[in-house]
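Student: This is the structure I want to talk about, given as C-alpha cells.
The values are calculated or read from the model by the stated rules, or taken from the named source; none is laboratory data. Quantities reported herein were computed from a predicted structural model and do not represent experimental measurements. Heads up, the Cβs are rebuilt from the backbone with ideal geometry, glycines too, and the neighbour counts pull from every protein chain shown.
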Amino acid sequence: MQVKAILGDITKFEADAIVNAANCTLLGGGGVDGAIHRAAGPKLLLHCMTLGGCKTGEAKITPGFRLPAKYIIHTPGPRYPSMKPDVAEEKLHNCYWNSLSLADQHECRTIAFPSISTGIYRFPLDRAASIVAETFVEYAQTHETGIDEVTMVCFDQTTYDAYCNAFHSAGL
Ligand code: APR
C-alpha cells in the first residue's frame, strides 16, 4: 500500500474512491463536503437522504455520480473542541480505518482522502497528520489489503507540508 500526499482539489482527483469529510447528517455542508456535493451533483444529496446519517468515526459509501471517482466514502470526523482529546484522536483514527476497510470491501485499488477534521472541526493539523500516518501503517501491517495507493489530497501548502513530514517520519 503506497502512501503519498499531493496538493490539489479532491473533487477532480481520479481514484476508485474519494473520501468526504462529512457531518453526521450526510446532507452536505461547507468545506470539502460542500465542494464534493457541488461537483457530484444533486443526485448525491438525494442518495444521502436515504442513508439515515452516519456516526462520527464511521463511514458510509455512495456512488460518485458526476465525480471522476467511482465511489464517495463519507465519514464524519471529530469536532475537536467539543471532545476530550483522546476521544477525538480515537475517532479520527476510526474515520481513516473504517474508510480503508469500506474501500477494501468494494475492491477499490486507489483511494484519496482530504485532511479530515483539520478545517471547520479544528483538529490540530500536525497531531492529525501523525495519527493518519500511524493509522495507515497499522492498517497495512494488519491487512492483506487490495488497496495499492492512498493519496492525501491537500488543499493548501501548510497541510501538504504537515502530511509530508508525518509520512516521512513514519517511514511511508
Ligand atoms: N479538496 C481537498 N481538500 C479540501 C477541499 C477540496 N476541494 N476543500 C477543502 N479542503 C480541505 C480543507 O482545507 C481542510 O484541510 O479539507 C480539509 C477539511 O476541512 P473541512 O472541509 O472544513 O472539514 P472538517 O474540518 O472535517 O469539518 C467538517 O465542515 O464542511 C463541513 O459538513 C462539513 O460539518 C462538516 C465540517
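Every residue, every condition in (1) away from the ligand (no atom under 12 Å from the Cβ); (2) surrounded by fewer than 16 Cβ atoms within 10 Å (Cβ to Cβ); (3) not in a strand (DSSP E or B), yes or no:
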{"position": "5", "(1), (2), (3)": "no, no, no"}
{"position": "34", "(1), (2), (3)": "no, yes, yes"}
{"position": "52", "(1), (2), (3)": "yes, yes, yes"}
{"position": "62", "(1), (2), (3)": "yes, no, no"}
{"position": "67", "(1), (2), (3)": "no, no, yes"}
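Student: How about the stretch 8-27: which of its residues are within 12 Å of residue 112 (Cα to Cα) and either within 6 Å of the ligand (Cβ to nearest atom) or in a strand (DSSP E or B) (or both)?
Tutor: Hits for the stretch 8-27 are 9, 10, 11, 17, 18, 19, 20, 21.
Student: Can you tell me which residue within the stretch 9-32, out of those that are under 19 Å from residue 156 (Cβ atoms) and polar (S, T, N, Q), is surrounded by the fewest Cβ atoms within 10 Å (Cβ to Cβ)?
Tutor: Looking at residues that are under 19 Å from residue 156 (Cβ atoms) and polar (S, T, N, Q), I get 11.
Student: Go through the stretch 114-129 and count every residue that is of a type in the set (Val, Ile, Thr) and under 21 Å from residue 168 (Cβ atoms).
Tutor: Adding up the residues that qualify gives 2.
Residue-by-condition table, conditions (1) over 10 Å from the mean Cα position of the chain (by Cα); (2) of a type outside the set (D, E, K, R); (3) more than 15 Å from the ligand (Cβ to nearest atom); (4) at pLDDT 95 or above:
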site: 40; (1), (2), (3), (4): yes, yes, no, yes
site: 58; (1), (2), (3), (4): yes, no, no, yes
site: 81; (1), (2), (3), (4): yes, yes, no, no
site: 91; (1), (2), (3), (4): yes, no, no, yes
site: 114; (1), (2), (3), (4): no, yes, no, yes
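Student: Okay, next question. Mind listing whichever residues of the stretch 1-57 are in contact with a Cys (Cβ under 9 Å, 6 or more places away or on another chain), over 23 Å from residue 161 (Cβ atoms) and β-branched (Val, Ile, Thr)?
Tutor: Those that are in contact with a Cys (Cβ under 9 Å, 6 or more places away or on another chain), over 23 Å from residue 161 (Cβ atoms) and β-branched (Val, Ile, Thr): 25, 56.
Student: A further question follows. Search the stretch 140-160 for residues that are assigned to a loop (DSSP other than H, G, I, E, B) and pair each with any residue that is among the small types (Gly, Ala, Ser) when their beta-carbon atoms are under 7 Å apart and the residues are at least 6 apart or on different chains.
Tutor: 147/103
Student: May I ask you to list pairs of residues, at least six apart or on different chains, whose Cβ atoms are under 6 Å apart, with the first in the stretch 93-112 being farther than 14 Å from residue 1 by Cβ and the second being modelled with pLDDT of 95 or more and in a helix (DSSP H, G or I)?
Tutor: Listed pairs, sorted by first residue: 93/131; 93/135.
Student: Filter the stretch 125-158 down to the residues that are under 14 Å from the mean Cα position of the chain (by Cα), within 13 Å of the ligand (Cβ to nearest atom) and among the β-branched types (Val, Ile, Thr), then identify the one that is surrounded by the fewest Cβ atoms within 10 Å (Cβ to Cβ).
Tutor: Restricting to residues being under 14 Å from the mean Cα position of the chain (by Cα), within 13 Å of the ligand (Cβ to nearest atom) and among the β-branched types (Val, Ile, Thr), the top hit is 151.
Student: Which of the residues belonging to the stretch 23-44 are aliphatic (A, V, I, L, M) and in contact with a His (Cβ under 6 Å, 6 or more places away or on another chain)?
Tutor: 26, 44
Student: Just to be sure, is residue 30 more than 24 Å from residue 97 (Cβ to Cβ) and near the ligand (Cβ under 8 Å from one of its atoms)?
Tutor: yes
Student: Across the stretch 78-124, which residue is surrounded by the most Cβ atoms within 10 Å (Cβ to Cβ) among those that are among the basic types (Lys, Arg) and touching a Ser or Thr at 6+ places or on another chain (Cβ under 9 Å)?
Tutor: Selected residue: 91.
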